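Read through the structure below, which is laid out as structure tokens, and then see the notes.
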Amino acid sequence: MRLVKQLLAVAAVALVGGQGVAAVEGNFFLTLMIGAVTAVLGVVVYRWVVRRTERRAPTELGQDGWDGKLGRGTLIGFAMFAAVVANIAFLGGYHVEGWGSPTGALGLLGLMAAAAVTEELLFRGVLFRIIEERTGTWIALALTGVVFGAIHLANPDATLWGATAIAIEAGFMLAACYAATRNLWVPIGLHFGWNFAAGGIFSVVVSGNGESKGLLEASTSGPVALSGGAFGPEGSLYAVLAGVVLTVVFLWLAKRRGHIVPRPTAQATATATVTQ
């Protein structure tokens, strides 16, 4: 029951925010403002619904040191995507043609903030965290990663390969990041840094959502394995490899820190179900 309540609460924020952004499409200032408000409201609603349904403080989204954790995650995400683009460019698959749109980048700043916050709260804060309690870390990581990839099939230029790549490089990796840190600020920052670097800086297609108008005027070319094709560089093998490397690193950290949750016994699962 708490899973459903928490999902509905955060999903409502994401839905309203998404509709607001769509309604002001083309207006960078309103997009920035609505995106920022959606991100903040998502955090407020998540904290409220966790307190209400679990009778505890949402320590995974605590205020102590949140800015440093968010900043570290953002740097990791930005560096990860920059490395992907650099490798694609080295083989001639990414081309900078000039300066793009600073105002477009500002609008994407708000849009990517809203997407990163609401998606991390939904998939890592609610789905992964609660499923992990029932099944353990490994099964929860696999299940939520696949679901995260699958929802990207709804994007305009989505492909089965693109959704599979997202499941591997983002769904698994971000869940592993949460398992390693046991807080949501780092994966939120990582998700934001990755997305904003893609759309707001390098101006490439983000998850099959069409061309972005960021700081650079750029284009991609070449085989799908190199450039990601219509889905964008996230469909590149370079992005998948980068995600796999980070997933391994985060899972190693999680194991070293004792954060891997074992699969509970049948009796413990039954007891947990009764107490929900």
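Residues of segment 158-194 that are surrounded by fewer than 24 Cβ atoms within 10 Å (Cβ to Cβ) and β-branched (Val, Ile, Thr): 159, 164, 168, 181. Which one of 68, 77 is under 23 Å from residue 259 (Cα atoms), among the small types (Gly, Ala, Ser) and surrounded by fewer than 22 Cβ atoms within 10 Å (Cβ to Cβ)? Of 68, 77, the one residue that is under 23 Å from residue 259 (Cα atoms), among the small types (Gly, Ala, Ser) and surrounded by fewer than 22 Cβ atoms within 10 Å (Cβ to Cβ) is 68.
Is it the case that residue 217 is assigned to a helix (DSSP H, G or I), of a type outside the set (A, V, I, L, M) and either modelled with pLDDT of 95 or more or surrounded by fewer than 24 Cβ atoms within 10 Å (Cβ to Cβ) (or both)? No; evaluated as a whole, the condition is false for this residue.
Residue by residue, here is whether (1) over 19 Å from residue 133 (Cα atoms); (2) at pLDDT 95 or above; (3) among the β-branched types (Val, Ile, Thr) holds:
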| position | (1), (2), (3) |
| --- | --- |
| 221 | yes, no, no |
| 226 | yes, no, no |
| 246 | yes, yes, no |
| 269 | no, no, yes |
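Taking the condition of being within 15 Å of the chain's Cα centre (by Cα) and more than 22 Å from residue 238 (Cα to Cα), how many residues in segment 150-180 meet it? Count: 2. Here are some conditions: (1) outside any helix (DSSP H, G or I); (2) modelled with pLDDT under 95. Residue 230 meets all but one. Which one does it not meet? Condition (1) is where residue 230 drops out. Taken together, 50, 96, 44 contain a single residue that is over 23 Å from residue 207 (Cβ atoms) and in contact (Cβ under 8 Å) with a residue 24 or more places away in the chain, which is 50.
Contact map, segment 141-153: first residue modelled with pLDDT of 95 or more, second residue assigned to a helix (DSSP H, G or I) and basic (Lys, Arg), Cβ cut-off under 8 Å, separation 6 or more or different chains; pairs are 144/124. Collect the residues in segment 90-136 that are within 29 Å of residue 52 (Cβ to Cβ) and aromatic (Phe, Trp, Tyr), keeping them in residue-number order. The answer is 123, 128.
Scanning segment 17-39 for residues that are of a type in the set (A, V, I, L, M) and either exposed (fewer than 14 other Cβ atoms within 10 Å of the Cβ) or farther than 27 Å from residue 212 by Cβ (or both) gives 22, 23.
The values are calculated or read from the model by the stated rules, or taken from the named source; none is laboratory data. The structure presented is a predicted model; accordingly, all values stated were derived computationally and were not measured. Counting neighbours? That spans all protein chains shown, and the Cβs are built from the backbone with ideal geometry, glycine included.
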